[in-house]
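The values are calculated or read from the model by the stated rules, or taken from the named source; none is laboratory data. Keep in mind the model is a prediction, meaning the values are calculated, not measured. With ideal geometry, Cβ positions are generated from the backbone for all residues, glycine too; neighbour counts draw on all protein chains shown.
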Ligand SMILES: *Cc1c(COP(=O)(O)O)cnc(C)c1O
């Protein structure tokens, strides 16, 4: 078996691309990561308990501005536990963004619940509150104090707005609907650590929220995640479920099915070092976005990434929309052209209503997600991207037009 990783797979995990390539989003490890990890090894605290785990939970909670953080093995694990803690039961339905990485839909299914996909709005590509309202008003009814989907008869119990690519969802509209229809709000903030909505931090806008520290995210622990919430009972329950639901530390008594979703002390040590520089990371992302905004403006058929006036985007992954007719090539041809010039780029995710394991649960149309899937392309956005490499990306996009 070949040990050589596929380039696209390596990208997904934030690994370095082949030499000479401008990568999409790779870790930036220039702080105290090594020193902190060495401290774990020197102290023999290498596993799932240790001082860095507690510290990291405190650091992330403080940064988000919530009371509690519970570290997890991944962002997906964080979503699974957050849904359980929020009370999602088997057979229920959960609203979730259609245009998203697949993890939140999978996490809903881990709970035995079903996703109801909601299309994106066209301006900022986030969950469309009008479509949420439409579904809740027209497709649901109240029966004995429970909100039921008219078509399936299933209870609708929660909503997972996914803040994609660094930009927040329009949370006032979504929260108002969640209150009116008594839905728990679980924010998937895995791509938008550091983003703000009307001056409030992403991660504080619902009942509970999740972050990811995968290799391609703003902050990485190699792999990991975090649940954040202000609710002490939910935080305690989350800790309990992520650590095998131990009811007696000595006697191995368990009253619930738990999970081994812990983050190791070594990973947390890396996370603590990363967070020391998060303000620089966010500033770098904003600078990258501004440089793309300037350099790519005025190219016919290239639409730039937006930022709502009510938002401060974290610009995790800078993404453009390519109009095939006006640009002269479609997003996939531009991708191939960039690849030949040793520049990584990638389309957005296949909309989740088309994903084989999830499709068919709910018939609706998703014109915005479907169009963005065809037309959007994410460009190199690593924190460490230097200006000359970025200028090469910009000029290559420009040249692609004349070459098309
Ligand atoms: C990265 C990501 C996650 C979590 O990913 P992990 O790799 O499990 O940490 C969840 N949702 C979205 C939208 C993501 O982009």
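Annotations
- The combined condition, being modelled with pLDDT of 95 or more, part of a loop (DSSP other than H, G, I, E, B), surrounded by fewer than 24 Cβ atoms within 10 Å (Cβ to Cβ) and on the phi > 0 side of the Ramachandran plot, is not fulfilled by residue 258.
- Residues that are in a loop (DSSP other than H, G, I, E, B) and out of contact with any helix residue (DSSP H, G or I) (no Cβ under 6 Å at 6 or more places or on another chain) were ranked within the stretch 223-247; the one that is nearest to residue 344 (Cα to Cα) is 223.
- Condition met for residue 319 (farther than 20 Å from residue 163 by Cβ and either under 19 Å from the mean Cα position of the chain (by Cα) or without any contact (Cβ under 8 Å) to a residue 24 or more places away in the chain (or both)): no
- Some residue of the stretch 192-214 being assigned to a helix (DSSP H, G or I), surrounded by 21 or more Cβ atoms within 10 Å (Cβ to Cβ) and more than 12 Å from the ligand (Cβ to nearest atom): no
- Of all the listed residues (177, 136, 165), the sole one being within 13 Å of the ligand (Cβ to nearest atom) and assigned to a helix (DSSP H, G or I) is 165.
- Of the residues 238, 289, 273, the single one that is surrounded by 20 or more Cβ atoms within 10 Å (Cβ to Cβ) and touching a strand residue (DSSP E or B) at 6+ places or on another chain (Cβ under 7 Å) is 238.
- Test result for residue 129, within 13 Å of the ligand (Cβ to nearest atom) and either in contact with a helix residue (DSSP H, G or I) (Cβ under 9 Å, 6 or more places away or on another chain) or at pLDDT below 95 (or both): no
- Restricted to the stretch 321-394, the set of helices (runs of 4 or more DSSP H) holding at least 1 residues that are under 24 Å from residue 285 (Cβ atoms) comprises 331-340, 367-375.
- Some residue of the stretch 61-84 being closer than 28 Å to residue 270 by Cα, buried (at least 19 other Cβ atoms within 10 Å of the Cβ) and over 19 Å from the mean Cα position of the chain (by Cα): yes
- Some residue of the stretch 110-123 being over 30 Å from residue 154 (Cα atoms) and more than 16 Å from the ligand (Cβ to nearest atom): yes
- In the stretch 207-229, the residues that are more than 22 Å from residue 55 (Cα to Cα) and within 15 Å of the chain's Cα centre (by Cα): 216
- Any hit, the stretch 81-98, residues being farther than 21 Å from residue 168 by Cα, without any contact (Cβ under 8 Å) to a residue 60 or more places away in the chain and more than 13 Å from the ligand (Cβ to nearest atom): yes
- Test result for residue 250, free of Cβ contacts under 8 Å to residues at least 12 places away in the same chain, under 22 Å from residue 49 (Cβ atoms) and away from the ligand (no atom under 12 Å from the Cβ): yes
- Scanning the stretch 108-125 for any residue that is in a helix (DSSP H, G or I) and buried (at least 22 other Cβ atoms within 10 Å of the Cβ) turns up at least one such residue.
- Residues within the stretch 302-320 that are surrounded by 18 or more Cβ atoms within 10 Å (Cβ to Cβ) and part of a strand (DSSP E or B), tallied: 5
- The set of residues from the stretch 62-80 being within 20 Å of residue 157 (Cα to Cα) and either part of a loop (DSSP other than H, G, I, E, B) or more than 9 Å from the ligand (Cβ to nearest atom) (or both) comprises just one member, 80.
- Flag for residue 229 being buried (at least 24 other Cβ atoms within 10 Å of the Cβ) and within 16 Å of the ligand (Cβ to nearest atom): no
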